[in-house]
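Written out below as structure tokens is the structure these notes cover.
The values are calculated or read from the model by the stated rules, or taken from the named source; none is laboratory data. Since this is a predicted model, take the numbers as computed values, not measurements. Neighbour counts are summed over all protein chains in view; Cβ atoms, including those assigned to glycine, are modelled from backbone coordinates with ideal geometry. Just so you know, the surface numbers come from the protein's heavy atoms only, side chains and all, with ligands and any DNA or RNA stripped out. Shrake-Rupley method; radii C 1.70, N 1.55, O 1.52, S 1.80 Å.
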Amino acid sequence: MGMTMTQKILAAHAGLPEVKAGQLIEADLDLVLGNDITSPVAIKEMEKLQQKAVFDKDKIALVMDHFIPNKDIKSAENCKCCRDFASAHEISNYFDVGQMGIEHALLPEKGLVVAGDAVIGADSHTCTYGALGAFSTGVGSTDMAAGMVTGKAWFKVPPALKFVLTGKPKKWVSGKDVILHIIGMIGVDGALYKSMEFTGDGVKNLSMDDRFTICNMAIEAGGKNGIFPVDERSIEYMKEHSKREFKIYEADEDAEYEAVYTIDLSALEPTVAFPHLPENTKTIGSFGEIQIDQAVIGSCTNGRLDDMRVAAEIMKGRKVAKNVRCIIIPATQEIYLQAMKEGLLEIFIQAGAIVSTPTCGPCLGGYMGILAAGERCISTTNRNFVGRMGHVDSEVYLASPAVAAASAVTGKISSPEELGL
């Protein structure tokens, strides 16, 4: 029996000719990632080990993004812990104020991940990098500590689900709608510890930003990882952003999948995940009027340049509705700068939105947009659990940048078509 893309990458990094689903392996790592919340825990765990040196100072990335600039004393202490560690170990890829960005947008932009890599990160949305044809997955801080020292991690080889994408999405339908549709279809545990492998002739109609978004939320279906085949579009992206050599792995024709789903992208509609799970999805037009208090456009899921452009196209010449707070967060300094050059930030500010420095901020109920009891937020983030963005009696609705921007203007959950677009 043949192997899937994920299984081939894991076999190569374990030095084995083949692996099978369920097999326990130890694999070499190309990158170990941590942020300002998870890294201090890993650093403290690493101090308990006999070996205290990192395996490769160029293969560790520490990204200060969750509470940056520091929101309080505790967050400042966490960042100081990371800063001191990075200095002591001469970590090449340390990103702090002025250089930071939201980790899962920043690392591909900096060329630190390429096709064929095996990557772990002490953040559940590390699965984002599968968009480049890499195996990447989230781990706990203890595994991060071990990875920083040994350059290895153990895995149970995941079985796989195959998603055959066909057709071309209509205007205002993006990667966020694709993955919300999938999660609504299979549920938040539908891919539990499985590899979500995307293929089909529809892949060519998805931008890299779409693919990053889809892989980013594989974890919201329980997935171990999400992964796309390497094509001309992803090769072009890697050549633009990285000097590293990449390796292309392709699934065997007789690779085994636990299930195969075919999704016609042209049939999808703008989709919203209602509280309090990403699987609770409804399409625009299938529900009544829902007033909102806040709109957030950003995060590791939807803070990329395409997202900024779509939001600006909708908000240009319009105003954010009275009593709605609209918070826009470009995911990296480079995205922020390009959005400024293109005049997007001016559009946002003239519309009555605010633009933040790159940060995870409101996504995890950290800062820059906490909700009070009874408030509703339409957000391009990835989770809408109870209390995720603030008070346990608040509500978070997940949607694409197009829907979030239109909703900010109308004051209720809306599609761009309702604005005549």
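Taken residue by residue, the stretch 136-152 has at least one member that is charged (D, E, K, R), part of a strand (DSSP E or B) and open to solvent by 10 Å² or more (accessible area, probe 1.4 Å). Checked against (1) open to solvent by 20 Å² or more (accessible area, probe 1.4 Å); (2) under 23 Å from Phe212 (Cα atoms); (3) at pLDDT 95 or above, Lys57 meets all criteria but (2). For Ala339, the conditions (1) surrounded by fewer than 23 Cβ atoms within 10 Å (Cβ to Cβ); (2) in a helix (DSSP H, G or I) all hold with the exception of (1).
Contact annotation: residue pairs with Cβ atoms under 8 Å, 6 or more positions apart or on different chains, pairing a residue in the stretch 273-286 that is closer than 11 Å to Ile182 by Cα with a partner that is charged (D, E, K, R) and in a loop (DSSP other than H, G, I, E, B), are Pro278/Arg383. Scanning the stretch 173-197 for residues that are part of a helix (DSSP H, G or I) and either polar (S, T, N, Q) or surrounded by 23 or more Cβ atoms within 10 Å (Cβ to Cβ) (or both) yields Gly175, Lys176, Asp177, Val178, Ile179, Leu180, Ile182, Ile183.
The condition of being within 30 Å of Ala259 (Cα to Cα), crowded, with 17+ Cβ neighbours inside 10 Å, touching a residue at least 60 places away in the same chain (Cβ under 8 Å) and in contact with a Gly (Cβ under 9 Å, 6 or more places away or on another chain) holds for only one of Ala42, Ala21, Ala27, that being Ala27. Taken over the stretch 64-117, the residue count meeting the criterion of being crowded, with 17+ Cβ neighbours inside 10 Å, closer than 22 Å to Ile329 by Cα and in contact (Cβ under 8 Å) with a residue 60 or more places away in the chain is 15. At least 2 residues being more than 23 Å from Tyr129 (Cβ to Cβ) is the threshold, and among the strands (runs of 3 or more DSSP E) wholly inside the stretch 10-85 not one reaches it. Against the conditions (1) under 21 Å from Ala131 (Cα atoms); (2) in a strand (DSSP E or B), Glu334 satisfies every one except (2). Summed over the stretch 198-210, residues that are assigned to a helix (DSSP H, G or I), more than 17 Å from His104 (Cβ to Cβ) and open to solvent by 10 Å² or more (accessible area, probe 1.4 Å) total 3. Here is a check on your reading of the model: is Asn302 out of contact with any His (no Cβ under 7 Å at 6 or more places or on another chain), open to solvent by 40 Å² or more (accessible area, probe 1.4 Å), under 28 Å from Leu268 (Cβ atoms) and at pLDDT 95 or above? It is false that Asn302 is out of contact with any His (no Cβ under 7 Å at 6 or more places or on another chain), open to solvent by 40 Å² or more (accessible area, probe 1.4 Å), under 28 Å from Leu268 (Cβ atoms) and at pLDDT 95 or above. Scanning the stretch 395-421 for residues being assigned to a strand (DSSP E or B) and surrounded by 21 or more Cβ atoms within 10 Å (Cβ to Cβ) gives a total of 4. Test Lys170 against the criterion of being open to solvent by 10 Å² or more (accessible area, probe 1.4 Å) and part of a loop (DSSP other than H, G, I, E, B), and give yes or no. Yes, satisfied. Looking only at the stretch 309-316, decide whether some residue is over 16 Å from Trp172 (Cβ atoms) and β-branched (Val, Ile, Thr). The answer is no; no qualifying residue exists.
Residues being within 15 Å of Leu364 (Cα to Cα) and open to solvent by 20 Å² or more (accessible area, probe 1.4 Å) are entirely absent from the stretch 306-321. Within the stretch 247-268, residues that are of a type in the set (D, E, K, R) sit with their Cβ atoms under 6 Å from residues that are in a loop (DSSP other than H, G, I, E, B) and exposed (fewer than 14 other Cβ atoms within 10 Å of the Cβ), at 6+ positions apart or across chains, in these pairs: Glu256/Met1. Filtering the stretch 211-244 to residues that are open to solvent by less than 30 Å² (accessible area, probe 1.4 Å), under 21 Å from Lys176 (Cβ atoms) and assigned to a helix (DSSP H, G or I) leaves Arg211, Phe212, Thr213, Ile214, Cys215, Asn216, Met217, Ala218, Glu220, Ala221, Ser234.
Ile349 falls short on exactly one of the conditions (1) assigned to a loop (DSSP other than H, G, I, E, B); (2) without any contact (Cβ under 8 Å) to a residue 40 or more places away in the chain; (3) not acidic (Asp, Glu), and that condition is (1). Determine whether the stretch 373-394 contains at least one residue that is touching a Lys or Arg at 6+ places or on another chain (Cβ under 9 Å) and open to solvent by 10 Å² or more (accessible area, probe 1.4 Å). No. Just so you know, in the stretch 374-392 the residues that are closer than 23 Å to Val320 by Cα and of a type in the set (Gly, Ala, Ser) include one that is farthest from the chain's Cα centre (by Cα), and it is Gly374. Between Ala145, Ala160, Ala153, the distinction of being farther than 27 Å from Glu232 by Cα and touching a strand residue (DSSP E or B) at 6+ places or on another chain (Cβ under 7 Å) belongs to Ala153 only. Answer yes if at least one residue in the stretch 257-279 is under 30 Å from Ser407 (Cα atoms), surrounded by fewer than 14 Cβ atoms within 10 Å (Cβ to Cβ) and aliphatic (A, V, I, L, M), and no otherwise. Yes, the conditions are met somewhere in the stretch 257-279. When you look at Gly361, is it within 14 Å of Gly298 (Cα to Cα), among the small types (Gly, Ala, Ser) and in contact (Cβ under 8 Å) with a residue 60 or more places away in the chain, yes or no? For Gly361, the condition - within 14 Å of Gly298 (Cα to Cα), among the small types (Gly, Ala, Ser) and in contact (Cβ under 8 Å) with a residue 60 or more places away in the chain - is met.
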